[in-house]
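Only one structure is covered here, and it is reproduced in the block below.
The values are calculated or read from the model by the stated rules, or taken from the named source; none is laboratory data. All values reported here derive from a predicted model rather than from experimental measurement. Here Cβ is always computed from backbone atoms with ideal geometry, including for glycine, and neighbour counts include all displayed protein chains.
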Amino acid sequence: MFSFADELGPTRIIHVHGASIGLRAVLVVDNVAVGPAIGGLRMAPDVSTEECVRLARAMTFKNAAAGLAHGGGKVVLYGDPRMPREGKERLIRGLACALGDVRDYIFGPDMGTDETCMAWIKDEIGRSVGLPRELGGIPLDQIGATGWGVTHAAEVAVPYCNFELAGARMVIQGYGAVGRHAAHFLAQKGAIVVGVADSGGTLVDQAGIDLALLDDLKTKGKSVVDYPRGEKAGRDAVVDVECEIWIPAARPDVVREDNVARLKTRLVIQGANIPFTRAAEGYLHQKGVLCVPDFIANAGGVICAAVEYAGGNQAMALDAIATKVRENTRAVLEAAAEHGQLPREAAIELATARVTKAMSLRRWGAF
């Protein structure tokens, strides 16, 4: 585990094993110098400790860059999120109880979990965010908090790419909670969705995809490839769809050294966490493609969670997301342009400076 360690963290890595219920999970608390960690609970069959460490660090940077009084952490839970509700609830409640004494981590929703899952955790240990409205929460997936932030990042970034948002072609890789809302918000500003992908495949329609019709299909449990018009292909074909704005909103490392050359876009707004490898981002930078990094562009969800945790309401959350994401996107892109850096390098410098300043004020630094 110490092979993952550096000067910022992680402060602890906890493996959770409950054989009687088939529970296997990992918690990584990365750095809590700024405050207790907020980070999502991700559920998938193929998660790993390494993925959890990387995601926890992304949360440290994301929370610091957003100016939140929270550090970074993450939990990954091994399992199929589409399993019967009874089994899923048993696993999540068991996980919550196993981690109930870890007071410097606050659960939030992530891929494979939602506000209902957060309600189960709240019931067990009294510590989660992203709760249903009925429990006083701000349901961030329902209001599209992360997609709202992605939209504001895109608005700030587009002028750096010398094209107009109105009429720009847009592709969404991962038409789920984040991607769907980002598509709708940006379409309202004139962008045209020409490609979407989910686990079932890729849909391409250069005439523009009817998002209302697509949402109706997804609500019925169908895939984007069940859309009645357009061209259909495998899910990896989404990388090949030409556009002005490409938004990854699903799994980590979807664009890598072996497929980045296929990407034909001018602007990438990272709606997912760690969706590109560093080498892929470096390649695009050399080609003049602007990439707004994940922990700047997709901070809307955790900003919403922090507002909820502090007792705020939905209107306060949306205002905070718009303000913070726009300010941070502009600061990062200006710094990157001034110093000839990758935007990620500029963003890491900004976030690291805030974390190390907080560490300097603590007796033990990172915890």
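State yes or no: is Ala353 more than 21 Å from the chain's Cα centre (by Cα) and either surrounded by fewer than 22 Cβ atoms within 10 Å (Cβ to Cβ) or part of a helix (DSSP H, G or I) (or both)? It is true that Ala353 is more than 21 Å from the chain's Cα centre (by Cα) and either surrounded by fewer than 22 Cβ atoms within 10 Å (Cβ to Cβ) or part of a helix (DSSP H, G or I) (or both).
Would you confirm whether or not region 330-350 contains a residue that is touching a residue at least 24 places away in the same chain (Cβ under 8 Å), farther than 22 Å from Asp110 by Cα, in contact with a Gly (Cβ under 7 Å, 6 or more places away or on another chain) and assigned by TED's automatic domain parsing to the domain that holds Glu281? The answer is yes, given that some residue of region 330-350 is touching a residue at least 24 places away in the same chain (Cβ under 8 Å), farther than 22 Å from Asp110 by Cα, in contact with a Gly (Cβ under 7 Å, 6 or more places away or on another chain) and assigned by TED's automatic domain parsing to the domain that holds Glu281.
Out of curiosity, is Ala168 under 18 Å from the mean Cα position of the chain (by Cα), modelled with pLDDT of 95 or more and either within 15 Å of Trp246 (Cβ to Cβ) or of a type in the set (Val, Ile, Thr) (or both)? No; evaluated as a whole, the condition is false for this residue. Scanning region 329-367 for residues that are of a type in the set (S, T, N, Q) and under 13 Å from Ala157 (Cβ atoms) returns a single hit, Thr329. Scan region 91-107 and tell me whether some residue there is within 17 Å of the chain's Cα centre (by Cα), under 30 Å from Thr352 (Cβ atoms) and in contact (Cβ under 8 Å) with a residue 24 or more places away in the chain. Yes. Selection within region 233-252: residues that are under 18 Å from Ala183 (Cβ atoms), in contact with a helix residue (DSSP H, G or I) (Cβ under 8 Å, 6 or more places away or on another chain) and not small (Gly, Ala, Ser). The member of this set that is surrounded by the most Cβ atoms within 10 Å (Cβ to Cβ) is Ile247.
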